[in-house]
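Readers should treat all values here as calculations from the given coordinates under stated rules, not as data from a laboratory. Remember, predicted model here, so these are calculated numbers, not experimental data. Glycine gets a Cβ as well: all are built from the backbone with ideal geometry, and neighbour counts include every protein chain shown.
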Amino acid sequence: MITIISGTDRANSNTLKIAKIAQKLLEDKGEKTQMIDLASLPPNLFRPENYGSKAPEFATYQKMILETDGILNVVPEYNGSYPGAIKYFIDLLKFPESLHRKPAGFIGLAAGIFAGVRAVEHLEMVYSYREANLFGQRVFIPKVREKISADGKEISDKPIYDMMKSMLENFAKFVKSLS
Ligand SMILES: Cc1cc2nc3c(=O)[nH]c(=O)nc-3n(C[C@H](O)[C@H](O)[C@H](O)COP(=O)(O)O)c2cc1C
């Protein structure tokens, strides 16, 4: 099972569109997947009390992460880094067992030309700290608004689509090799 984290809580995000395209590509190759859309987290998770005793609703997400074979992070660039929502989600996860040795892949996207490189590389530092197994083949999508079809279901840029397909096939093999 590969868990895809759509790494922002912004409504109607391009991140979720790319995450769903990635999910379909993985499933077309026979992989089992599940999605964690940070925009769908119950609002009571975003309260300071959760650093102490977690709201019961978090148990579902904690279990998904503990039991998954690998995590695919789809992450947009916000202010030259990744969104706070994904850091907060990671901060709620049990330490160290949630991410320790967990295979982790990364797809970055941005409205601008730097394509989420900074978002991915900053997030990789967090996963490295948590001693995850980072997958080296990454995908970066610049000017993302021009690269998604009008219905939001396809990547209209063929080279980027091909890169994503190749990355996901190899990530699935990477995950299996470590399971
Ligand atoms: C709070 C915020 C900060 C952003 N900062 C950047 C940025 O630093 N660089 C950039 O290229 N785009 C930036 N963007 C634009 C996003 O990259 C753009 O919205 C893109 O579609 C991916 O984000 P989304 O998943 O929210 O749609 C920012 C967007 C938001 C909401």
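A DSSP coil position with no more than 13 other Cβ atoms inside 10 Å describes the following trypsin sites (Lys or Arg not before Pro) in region 99-133: Arg101. Values of log10 I(q)/I(0) for region 89-179 across q = 0.12, 0.13, 0.24 Å⁻¹ run -0.44, -0.51, -1.17, by the Debye formula with one identical scatterer at each alpha carbon and no solvent. For region 3-88, the fraction of alpha-carbon pairs lying more than 16 Å apart is 56 percent, rounded to a whole number. If you take the alpha carbon atoms of region 2-178 and fit the smallest convex hull around them, that volume is 106 Å³ per residue. Note that region 63-71 has calculated 3J(HN,Hα) couplings of 5, 4, 6, 4, 8, 6, 7, x, 10 Hz, one per residue in order, obtained from phi through the Karplus relation 6.51 cos²θ - 1.76 cosθ + 1.60 (θ = phi - 60°); glycine and proline are x. Rounded to whole numbers, the Karplus 3J(HN,Hα) couplings from phi for region 168-179 are 5, 4, 6, 5, 4, 5, 4, 4, 5, 5, 9, 7 Hz, using 6.51 cos²θ - 1.76 cosθ + 1.60 with θ = phi - 60°, and x at Gly and Pro. Counting beta carbons within 10 Å around each of Phe106, Phe95, Phe46, Phe89 and listing the fewest first gives the order Phe95, Phe46, Phe89, Phe106. Once backbone amide H atoms are built at 1.01 Å from N, Gly70 has Thr3 as its partners under 5 Å, excluding neighbours fewer than 5 places away on the same chain. Listed values for region 110-117 are Karplus-derived 3J(HN,Hα) couplings in whole Hz (6.51 cos²θ - 1.76 cosθ + 1.60, θ = phi - 60°), namely 7, 5, x, 7, 8, 6, x, 4, and x replaces Gly and Pro. Amide H contacts for Phe106 (H built 1.01 Å from N in the peptide plane; partners 5 or more residues away or on another chain; cut-off under 5 Å): Asn73, Val139. Taking the DSSP beta bridges with both ends in the chain, the antiparallel portion is around 10 percent.
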